[in-house]
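Notes for the one structure printed next.
Where a number appears in this text, it was derived from the coordinates with a stated rule and is not lab data. Note that this is a predicted model, so its numbers are computed, not measured. Cβ placement follows ideal geometry from the backbone for every residue including glycine, while neighbour counts extend to all protein chains displayed.
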Amino acid sequence: MIEASPPVPPEPADQPLSGDPSATDAVLARRAQILATEHWGLLAARSTAQSEVLTRITIFLTLVSAGLVTIGLLGQASGFRDWFTPAVLGILAFLCLIGFMTVVRVMNVGEEDMMYVVAMNRLRGAYVDLDPAIERYFLASVTDDEEGMMRTYSFLRRRGSSVFIGSSVMLLFVVDACVFGFFTGAVVAALGGSIGWAVIAGVVIGLGLIAGLGWYALATFAGTWRRYIPLRASTGPPAFWRP
């Protein structure tokens, strides 16, 4: 009876790719090729996700613009009476639905983009393991922790809240808040409420939506880094980040 050979134990996670003295140049070249193939795959997936979400944002903003123009035309045609109110509520409800779906997709793509950046940071660290001399030429980080992600997103300086305030997702938060606010105000007015109460209800719902979406985005971000275990951690911020 032929005995099965014992399984080969896996290499320690912290052992560099070039740390095996028996690895020949051909073996190292093959490892570099595998890493490069994975790197290009991540770049392609990231580019596809960004292109898709920009198209989704464009479609939503176009629908919002067309919806507001349609409401104006319907108002002129109906004299703002009879079937005008149900039509407005239907249009705004449709825009609320599309807006919510769009902002969910944008937040998901933001998380996916962070995922791709962290994965490419890890691959960059593998390149450094293969050839440590190249590390000083990388502006992007070679560590796959939160500090490394921040460095890859902003090479030359640490950026604060301006990243979130000026982001596409924040733009959608504001547009969605306006659409939901308009819809809420229209519902209050349709039920016989005064203009003042309609405005107050719309503002409260709009601000509440921004606060809720912002809290969810930040909580998801914090939870991701609380659970994730990096392969290579940063020893501190880069020298050009320090005052």
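Details
- Spin-label pair Glu38/Ile59, simplified geometry with 7 Å Cα→Cβ offset, distance in nm: 3.3 nm
- Length gained on full extension, Asp131 to Trp241: 37.1 nm, using 0.36 nm per residue less the C-alpha separation.
- GNM result for the chain, Cα springs below 10 Å: residue of Val106, Val118, Val188 fluctuating most strongly: Val188
- Whole-Å semi-axes of the stretch 26-231's equivalent ellipsoid (Cα gyration tensor): 47, 18, 12
- Cα→Cβ-extended label distance, 7 Å offset, between Ala233 and Trp83, nm: 6.6 nm
- Fully extending the segment from Asp113 to Leu97 would add 3.3 nm, taking 0.36 nm per residue of separation and subtracting the current Cα-Cα distance.
- Relative contact order [Cα under 8 Å, 6+ residues apart], the chain, whole percent: 22 percent
- The calculated 222 nm mean residue ellipticity attributable to helices in the chain amounts to -25000 deg cm²/dmol, summing -39500 (n - 2.57) over DSSP H runs of n ≥ 4 and dividing by all residues.
- Between the C-alpha center of the stretch 70-88 and that of the stretch 150-210 there is a gap of 26 Å.
- Tensor-based shape of the stretch 172-243 (alpha-carbon gyration tensor, a/c under 1.5 rounded, otherwise prolate or oblate): prolate
- When each full DSSP H helix of the chain is screened for a Cα extent of at least 18 Å along its own axis and an average Kyte-Doolittle hydropathy of at least 0.0, the helices passing are 25-78, 84-130, 168-190, 195-227.
- Highest to lowest packing among 190-197, 27-34, scored as the average C-beta count within 10 Å: 27-34, 190-197
- Gain in span if fully extended, Leu207 to Cys178, counting 0.36 nm per residue against the direct Cα distance: 9.5 nm
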